[in-house]
Amino acid sequence: MTFDINTLTPLLARVAASGSLAPAYVITGSHPPALSLQALLFAKRLNCLSVTKDAACLTCAACKKIEKRTHPDVKHMGPEEGTIKIEPLRALQKELHLKALEGPWKIVILEEAHELTPSASNALLKILEEPPSKTVFLLTTVFYENLLETIRSRCQRVSLPLSQHAFALEPFADLHELLTLPTRTSERFELAHKIGSDETYFKQCLEILLIWYRDLLFYKEDLAPLSPLQEKRSLGETISRKFTRTHLYENLETVLNTKISLQTQVNRQLLAENLLLRLHV
Ligand SMILES: [Zn+2]
């Protein structure tokens, strides 16, 4: 069975149809945009005004508001400056005690949940321990294991099948170069030039690098990650031996910092050059 990226995963479709929801779900997988899309689809399915054949219509006022992120009952949260801090969660706790405004469900989408600080995690736990009625939390993360055990135990896990990632590697003419990284500085500048030339491409490259260095950490432990870069497994196993764990973690940090800077910094070329000069090989 194959899944379309624009279709709700069977587990969430079943849950939505039954109307009997857990207080929280963690949507996991390797491709962040696919996780966000699932959370949005689920929110639409729950609050759609005109559900057809067990799916959200995508055209009613509620579906449109959710798409535009203006639906009053669907709250979006995520990292700010790299982490999800306690203050917004405290504010949320107060807010949730107000009655639902428009739809049947209040939905909180918490993206990149692995970025919750320990104090924010505890604030979330407090909410989940006494879940407000008709409220559901949708956490998304590519690093499920990084969530606190206590959070994991309070959420139902929804793993996206690989086919649902719709991870298009074909346009990545530079994929091999990106994964292996040229050792000569001039070649690195050349690659940086290509990466920095387009913002969308730059973002995709960063997502690939995040997945890649995470995969390498798995290979280092002789584990096989469920990854859209699975076909690069033998390359990954070879390369992972050259890295120390510290270097892999540092590379992940470098990529994450670049991702944050890309949101504000206009000089993409400089950012791409810095990235490629800082990454360990
Ligand atoms: Zn609708």
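No value in this document is a laboratory result; all are computed from the given coordinates. Since we're looking at a predicted model, the values are computed, not measured. Neighbour counts run over all protein chains shown; Cβ positions are idealised from the backbone, glycine included.
Database remark: amide H of Gly78 closer than 5 angstrom to the amide H of Glu111 (H placed geometrically; neighbours at sequence offset of 5 or more, or on other chains; Pro and chain starts carry no H). When the convex hull of its Cα atoms is viewed from all sides, region 31-127 shows a mean projected area of 6.7 nm². Close amide H contacts of Ile27 (hydrogens built in the peptide plane, cut-off under 5 Å, sequence separation of 5 or more or a different chain): Leu139, Thr140, Thr141, Val158.
Set Lys and Arg Cβ to +1 and Asp and Glu Cβ to -1, take the dipole of the chain about its Cα centre, and tell me which of Leu210, Phe243, His31 lies farthest positive. Selected residue: His31. Each DSSP beta bridge with both residues in region 10-165 is either parallel or antiparallel, and the antiparallel ones are about 10%. Counting only DSSP beta bridges whose two residues both lie in the chain, roughly 10 percent are antiparallel.
Taking θ as phi - 60° and the Karplus parameters 6.51, -1.76 and 1.60, the scalar couplings of region 63-75 work out to 4, 5, 5, 5, 4, 7, 6, 10, 5, x, 9, 10, 9 Hz in sequence order, x denoting glycine and proline. Distance between the modelled labels on Glu177 and Leu49, one decimal in nanometres: 5.1 nm (7 Å Cα→Cβ projection).
Compared with the dominant Cα axis of the chain, that is its longest principal axis, helix 185-196 is turned about 30°. Among 45-56, 10-21, 29-40, the peptide with the highest mean count of other Cβ atoms within 10 Å heads the list, and the full ranking is 29-40, 45-56, 10-21. Comparing Leu148, Leu41, Leu138 in a Gaussian network model of the chain, where Cα atoms under 10 Å apart are tied by springs, the biggest mean-square fluctuation is seen for Leu148. The aspartates and glutamates within cross-link reach of Lys194, meaning a Cα-to-Cα straight distance under 15 Å and a gap of 8 or more places when in the same chain, are Asp174, Glu177, Glu273. Taking Lys and Arg as +1 and Asp and Glu as -1, the other residues whose beta-carbon sits under 12 Å from that of Ile66 total +4.
Adding -39500 (n - 2.57) for every DSSP H run of four residues or longer, then dividing by how many residues the chain holds, sets the calculated 222 nm ellipticity at -15500 deg cm²/dmol.
Once both axes come from the Cα atoms, what is the angle between helix 118-129 and the longest principal axis of the chain, in degrees from 0 to 90, rounded to 10? Value to nearest ten degrees: 30. Length gained on full extension, Phe143 to Asp198, computed as 0.36 nm times the residue gap minus the Cα-Cα distance: 17.1 nm.
Counting Lys and Arg as +1 and Asp and Glu as -1 over every other residue whose Cβ lies under 14 Å from the Cβ of Cys48, the net charge comes to +1.
Helix 32-47 and the long axis of the chain differ in direction by around 10°, with both axes built from C-alpha atoms.
By the count of neighbouring beta-carbon atoms within 10 Å, fewest first, Ser186, Ser261, Ser121 end up ordered Ser186, Ser261, Ser121. Other residues within the sphere of radius under 15 Å centred on the Cβ of Ile195, judged by their own Cβ, net out at -2 (K and R +1, D and E -1).
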